[in-house]
Amino acid sequence: MSRDHATLLDVEALTVHHGQLCALDEVSFSVGAGETFAIIGANGAGKSTLLRALAGLHPPTSGRIVLDGEDITAVPTTERLARGLALVPEGRRLFPSLSVEENLRVGTHRARKGPFDIQRVYELFPWMVERRRQRAARLSGGEQQAVAIGRALVANPRILLLDELSLGLAPVVVQRIYGLLPELLSSGVTILLVEQDVSQAMRAASRVLCLLEGRTTLSGLAGELDRASIEAAYFGLHAESPERGGVAR
Ligand SMILES: Nc1ncnc2c1ncn2[C@@H]1O[C@H](COP(=O)(O)OP(=O)(O)O)[C@@H](O)[C@H]1O
Ligand SMILES: [Mg+2]
């Protein structure tokens, strides 16, 4: 895949409502092929709504989603998977009574051709081999997160949508999960991740966009944004506000 970050995903003035509530208000950004793009924002900012809209799980009120030059705004969910958008949802959402391998197999339905299959996932996570017949409910949070990632990978996505990988996991487990991303990138996957943990997002991503109550408050190169502007954008404070809560956990 191209490494020049030619645009792969274009989100144009995307607006999404939950009933009367405008959860996402004309949000626009582009993700380049082969990059890691992070959406940050506090709880309730609209991050999951955005990823779910991209995956086709929630219809937008207006705006467009363009994947590699094709308008997919009205394309159904399963077809989006076949076109290369795979979501690792917030809270993993495995089938608890299915085994590890059965959960992975779910992801192969409508899979694209590519480097990932169940065997390759076992190479990424060798511990899964022995536990492949164990029910997902018996896994730890970190192990479930790994299975959820594996389930998305076997679809051979062009873009992996990762919703709060770090949620509820111990820091060492979070580090291990995030440590995988460079390997995924080198196999040609583009990553769009969502995080409440700003420090984690800044470490992982080349570009970030901050949402506050459904609106973009900041976007730019991760290396070029200063802490004060990020905190202001994240909490909706003015830069000169004395209330500096500290973004990092
Ligand atoms: N299914 C839903 N029905 C009604 N309101 C929702 C639903 N999902 C999310 N919301 C509301 O939309 C806003 C954005 O939520 P969400 O996208 O989950 O934010 P985040 O992922 O950034 O925490 C919040 O105010 C939330 O309460
Ligand atoms: Mg969320």
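We did not get these values from a lab; they are worked out from the coordinates using the rules stated. What you see is a predicted model; the values in this text were computed from it and never measured. Note that each Cβ is placed from the backbone with ideal geometry, even for glycine, and that neighbours are counted across all protein chains shown.
Potential lengthening of the chain between Ser229 and Arg203 amounts to 7.7 nm, from the contour at 0.36 nm per residue minus the alpha-carbon distance. Its relative contact order, with pairs defined as Cα atoms under 8 Å and 6+ residues apart, puts the range 140-196 at 48 percent. Summary of the geometry: the range 29-80 and the range 197-233, compared by the centres of their Cα atoms, lie 18 Å apart. For the chain, adding -39500 (n - 2.57) for each run of n ≥ 4 DSSP H residues and dividing by the number of residues yields -8500 deg cm²/dmol at 222 nm. What the Cβ-Cβ distance of Thr78 and Asp10 gives, at R0 = 22 Å and to the nearest 0.05, is a FRET efficiency of 0.50.
The amide H of Thr217, built 1.01 Å from its N in the peptide plane, has Cys210, Leu211, Leu212 as neighbours under 5 Å, considering only residues 5 or more places off or on other chains.
Full extension of the chain between Ser62 and Ser28 gives 11.1 nm of extra length, using 0.36 nm per residue less the Cα-Cα distance.
When only alpha carbons of the chain are considered, Rg and Dmax amount to 17.7, 55 Å.
Each Lys or Arg adds one and each Asp or Glu takes one away; over the other residues whose Cβ falls under 9 Å from the Cβ of Arg64, this sums to -3.
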